[in-house]
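Enquirer: One structure, as structure tokens, below. Some questions next.
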Amino acid sequence: MKKETNVDLKEIKALIDLMQKNGLTAFELEKDGFRISLAKEAAYQSGMAYAAPAPAAAPAAAAPSGKEIASPMVGTFYSAASPEAPAFITVGQKVTPDTVVCIIEAMKVMNEIKAEVAGTITEIAAENGQPVQFGQALFRYK
Amino acid sequence: MIKRLLIANRGEIALRIIRACKELGIRSIAVYSEADVQSLHVQLADEAICIGAAPSSQSYLKIDRIISAAEIADADAIHPGYGFLAENAHFAEVCASCKIKFVGPSPEAIRLMGDKNMARQQAIKAGVPVTPGSDGIIETEGEALRVARKIGFPVMVKAVAGGGGRGMRVAHNEVTLVKGFHSARTEADKAFGNPAVYIEKFVQNPHHIEFQLIADSQGNVVHLGERDCSVQRRNQKIIEECPSPIMTDKLRKKMGEASVALAKAVNYENAGTIEFLVDDDGNFYFMEMNTRIQVEHPITEEVYGVDLVKQQLQIASGQPLSHHVLNAVPRHHSIECRINAEDPDNNFCPSPGTISLYYAPGGRGVRIDSHAYAGYPIPPNYDSMIAKLIVHASTREQAIARMRRALGEYMISGIKTTIPLQLEIMKNKDFIAGKYDTGFLERMLAEPGKPKK
């Protein structure tokens with residue numbers, strides 16, 4: 001018997017077909033020092049392109065450190081007033097409730113979003129030029 | 001063909017629309033409030049965008065957020081479902097100005113038919129019978145008597161600004177008319193700040209019968225028969241059936257033609273429903289028009305073999321009505337029960353909560369349109385309807401037997417539902433005989449030994 005493990009692609013493909021046919025989502029096989037583990041993505045992972053929360057969780061799903069400044073509207077997030085202008089916020093910056101933290105463009109209107117809280121920004125959670133939905137984390141602060 | 005559709009709604013109708021999208025290869029975009037994170041329409045849509053907090057006024061009714069969502073998702077059309085913004089002419093206008101196709105009629109048609117008085121005028125112009133009534137406001141008791149004598153008793157004195165059943169008085173003779181005229185005015189003044197009243201013929205024991213219309217953008221309009229929605233509690237429908245047990249071929253032809261005439265007169269496009277009051281003598285009177293898809297559309301689908309929501313999307317994509325819609329004929333019988341999360345033994349108090357066990361009936365001729373599932377937490381912020389149970393069978397008798405069977409199998413634990421009440425109605429001799437009007441359910445509930453109204 002060969003000491004080397006020959007990864008037989010045909011065998012692996014057969015295993016994958018077996019999984020599909022029987023509707024399995026996970027499969028593990030250990031044999032002769034060879035171990036393979038296959039896992040299938042759950043069927044109903046809808047393509048939530050806008051960082052929507054996971055089904056069983058409340059909107060503030062992620063558990064990273066710090067409190068959140070959440071989006072009060074649906075639109076496109078911009079970190080600066082214009083492409084040439086410097087970003088409103090840098091990490092470590094202190095904000096007061098009236099500090100303008102970003103712009104959200106909705107229906108062709110550029111809305112200046114205020115912090116509404118006082119604290120120090122620990123993370124810029126949204127990406128410049130990307131869509132954001134209501135309640136989505138824009139910044140984290142402490 | 002529409003490529004990306006945003007569904008501006010929730011619950012079972014959002015699911016219904018997503019299903020039509022999937023079958024037509026249209027990408028579906030759901031919007032949801034924070035209370036609907038675990039809702040099925042969010043899970044099954046291709047994309048989902050949170051648009052606000054739980055209250056409808058902060059989410060599903062927020063035109064700006066819905067349009068923003070459509071923009072960031074690059075939607076080319078919006079389906080408004082029913083309720084919420086479905087009959088909001090301003091919303092339809094905003095969609096148009098943003099070059100997003102509103103799945104429904106034009107803003108003008110929505111506006112016109114949304115005003116009860118204007119709709120009534122349109123009906124008269126189109127030759128559709130309306131309840132005989134005064135031409136305008138009645139200022140004196142002398143006028144009231146003249147109008148009542150002309151249209152014949154019984155009559156109803158109605159507040160122009162009225163609602164919720166207030167500012168209304170039924171009068172069966174001249175004495176009660178004079179009394180009613182004055183008290184309706186007083187009540188209207190107190191409740192709405194406007195004492196103006198008009199007079200309408202009071203239709204005794206009416207049947208609520210509505211006609212389904214479908215029209216394309218090329219002027220083709222057809223009706224797909226009637227639905228009998230007389231089983232109501234406090235003006236809320238809970239059971240509907242197609243065809244109506246009191247319909248005749250002759251009456252259907254007359255009412256159908258009247259409906260199509262009215263739709264054509266207002267250049268109607270897409271799906272719509274015209275509601276009529278029908279008395280025991282077969283006289284029918286225009287009541288109002290709903291310029292949207294209705295909750296009870298499935299019973300028409302079962303009997304006429306048409307997918308109304310798919311048709312809506314196809315019409316909105318500019319396609320003419322298909323051959324099978326233009327030639328659809330009714331076949332067999334269908335009944336729908338609206339399953340509400342309410343306690344029929346406790347004045348129909350809403351029963352939000354988490355569904356612990358959920359087993360839906362199946363088998364031949366049983367259809368469930370529902371967003372419910374075991375473990376689903378029903379939010380308290382929206383209407384209480386959690387499912388529609390629709391049966392289809394060759395005869396009315398068999399449809400009733402099938403509905404009884406299906407209701408008996410339906411297991412929903414963790415909340416109270418109206419299923420026990422609907423089972424009782426399926427066993428009621430008047431319902432079985434097809435002899436019921438809009439007063440039927442209230443009478444049944446008022447019988448001694450029955451649950452409270």
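Read-outs throughout are calculated quantities, based only on the coordinates presented, and are distinct from any laboratory measurement. Please read all numbers here as calculations on a predicted model, not as lab measurements. Positions of Cβ are generated from backbone atoms using ideal geometry, with glycine treated the same way; all protein chains shown enter the neighbour counts.
Enquirer: Farthest toward the dipole's positive end in region B:228-383, which of B:Gly362, B:Pro377, B:Tyr304, given Cβ charges of +1 (Lys, Arg) and -1 (Asp, Glu) about the Cα centre?
Expert: B:Tyr304
Enquirer: Give the Cα extents of region B:207-446 along the principal axes, in whole Å, largest first.
Expert: So the three principal-axis extents are 49, 42, 33 Å.
Enquirer: Straight distance only, please: which lysines reach the Cα of B:Lys427 with their own Cα at less than 29 Å, same-chain residues fewer than 8 apart left out?
Expert: B:Lys237, B:Lys388, B:Lys416, B:Lys435, B:Lys450, B:Lys452, B:Lys453
Enquirer: Let me ask you something else. Only Lys, Arg, Asp and Glu count, each charged at its Cβ (+1, +1, -1, -1), so figure out the dipole size of region B:207-446 about its Cα centre, rounded to 20 debye. Mind dumping the intermediate values first?
Expert: Details: 25 positive and 30 negative charges, 102 e Å.
In total the dipole reaches around 480 debye.
Enquirer: Using a Cα-Cα cut-off of under 16 Å, which lysines could be cross-linked to B:Lys22, ignoring same-chain neighbours fewer than 8 residues away?
Expert: The reachable lysines, counting only those whose Cα sits under 16 Å from B:Lys22, are B:Lys3, B:Lys310.
Enquirer: Give, rounded to the nearest 20 debye, the magnitude of the charge dipole that chain B has about its Cα centre when Lys and Arg contribute +1 at Cβ and Asp and Glu contribute -1 at Cβ.
Expert: Around 520 debye, computed over chain B.
Enquirer: Can you tell me how region B:42-197 classifies by the Cα gyration tensor, rounded, prolate or oblate, using a/c under 1.5 as the rounded cut? Don't jump to the answer; show the numbers that get you there.
Expert: Numbers: a/c = 3.74, a/b = 2.40, b/c = 1.56.
The shape class here is prolate.
Enquirer: For the protein assembly as shown, what does the alpha-carbon gyration tensor say about shape, rounded, prolate or oblate, given a ≥ b ≥ c as the root eigenvalues, a/c under 1.5 as rounded, and a/b over b/c as prolate?
Expert: Values: a/c = 2.05, a/b = 1.52, b/c = 1.35.
Because a/c hits 1.5 or more and a/b exceeds b/c, the protein assembly as shown counts as prolate.
Enquirer: Just tell me, in residue order, which DSSP H segments of chain B are both 18 angstrom or longer along the helix axis (alpha-carbon based) and at least -0.5 in mean Kyte-Doolittle hydropathy.
Expert: On the way: long enough: B:11-24 (20 Å, 0.49); B:174-192 (26 Å, -0.28); B:249-265 (24 Å, -0.44); B:396-409 (20 Å, -0.95).
TM-like helix candidates: B:11-24, B:174-192, B:249-265.
Enquirer: Could you give the size of the charge dipole of region B:57-165 about its Cα centre, using +1 on the Cβ of each K and R and -1 on the Cβ of each D and E, expressed in debye and rounded to the nearest 20?
Expert: Details: 12 positive and 12 negative charges, 81 e Å.
My answer is approximately 380 debye.
Enquirer: What is the projected area of the convex hull of the Cα atoms of region B:4-103, averaged over all directions, in nm²?
Expert: Values: hull surface 21.0 nm².
Taking the Cα atoms of region B:4-103, their convex hull projects to 5.3 nm² on average.
Enquirer: Taking N as the number of residues in region B:187-230, what is its Cα Rg relative to 2.2 N^0.38 Å? Walk me through the numbers before you get to the answer.
Expert: On the way: Rg = 18.2 Å, N = 44, 2.2 N^0.38 = 9.3 Å.
Expressed relative to 2.2 N^0.38 Å, the Cα Rg reads 1.97.
Enquirer: Okay, moving on. Per the Kirkwood treatment, what hydrodynamic radius in Å, one decimal, follows for region A:67-141 from the mean inverse distance over all distinct Cα pairs?
Expert: On the way: mean 1/r = 0.0832 Å⁻¹.
Hydrodynamic radius (Kirkwood, Cα pairs) of region A:67-141 is 12.0 Å.
Enquirer: What lysines sit close enough to A:Lys94 to cross-link, taking a C-alpha to C-alpha distance under 16 Å and skipping anything fewer than 8 places away on the same chain?
Expert: Candidates past the 8-residue exclusion: A:Lys67, A:Lys114, A:Lys142.
Enquirer: Past the 38 angstrom mark, what percentage of all C-alpha to C-alpha distances in chain B do you count? Numbers along the way, then the final one.
Expert: Details: 25069 of 102378 pairs.
Summing the P(r) tail past 38 Å for chain B gives 24 percent.
Enquirer: Which shape class applies to region B:384-453: rounded if a/c is under 1.5, otherwise prolate when a/b exceeds b/c and oblate if not, where a ≥ b ≥ c are the square roots of the Cα gyration tensor eigenvalues?
Expert: Values: a/c = 1.96, a/b = 1.03, b/c = 1.90.
Oblate, because a/c is 1.5 or more while a/b does not exceed b/c.
Enquirer: Using Stokes-Einstein with the Kirkwood hydrodynamic radius over Cα pairs, what translational diffusion coefficient do you get for region B:226-368 at 10 °C and a viscosity of 1.306 mPa s, in µm²/s rounded to a whole number? Write out the running numbers ahead of the final one.
Expert: Values: Rh = 17.5 Å.
In µm²/s, the coefficient is 91.
Enquirer: Quick check on my link table: of B:Lys116/B:Lys264; B:Lys101/B:Lys253; B:Lys99/B:Lys264; A:Lys108/B:Lys62; B:Lys125/B:Lys250; B:Lys150/B:Lys179, which ones sit more than 27 Å apart, alpha carbon to alpha carbon? Please list the in-between numbers first.
Expert: Values: B:Lys116/B:Lys264 18 Å; B:Lys101/B:Lys253 33 Å; B:Lys99/B:Lys264 25 Å; A:Lys108/B:Lys62 16 Å; B:Lys125/B:Lys250 23 Å; B:Lys150/B:Lys179 19 Å.
The answer is B:Lys101/B:Lys253.
Enquirer: Picking from B:Ile100, B:Ala316, B:Ser351, whose Cα lies most toward the positive end of the charge dipole for the protein assembly as shown (charges on Cβ: Lys, Arg +1; Asp, Glu -1)?
Expert: Positive-most Cα among the choices belongs to B:Ser351.
Enquirer: Moving to a separate point now. Pick out, from B:Ser57, B:Ala75, B:Leu40, the residue whose Cα sits farthest towards the positive end of the charge dipole of region B:20-161, with +1 on the Cβ of Lys and Arg and -1 on the Cβ of Asp and Glu.
Expert: B:Ser57
Enquirer: If you don't mind, another one. Below 11 angstrom from the Cβ of B:Glu23, what's the summed charge of the other residues (Lys, Arg +1; Asp, Glu -1)? Intermediate values should be presented prior to the final figure.
Expert: Working: positive: B:Arg19, B:Lys22, B:Lys310; negative: B:Asp307.
Once positives and negatives cancel, what remains is +2.
Enquirer: Still on this model: Return the sequence-ordered ³J(HN,Hα) values of region A:111-124 in whole Hz as given by the Karplus equation 6.51 cos²θ - 1.76 cosθ + 1.60 applied to θ = phi - 60°, using x for Gly and Pro.
Expert: For region A:111-124, the Karplus-derived couplings read 9, 7, 9, 8, 5, 6, 9, 10, x, 10, 6, 9, 7, 9 Hz, x marking Gly and Pro.
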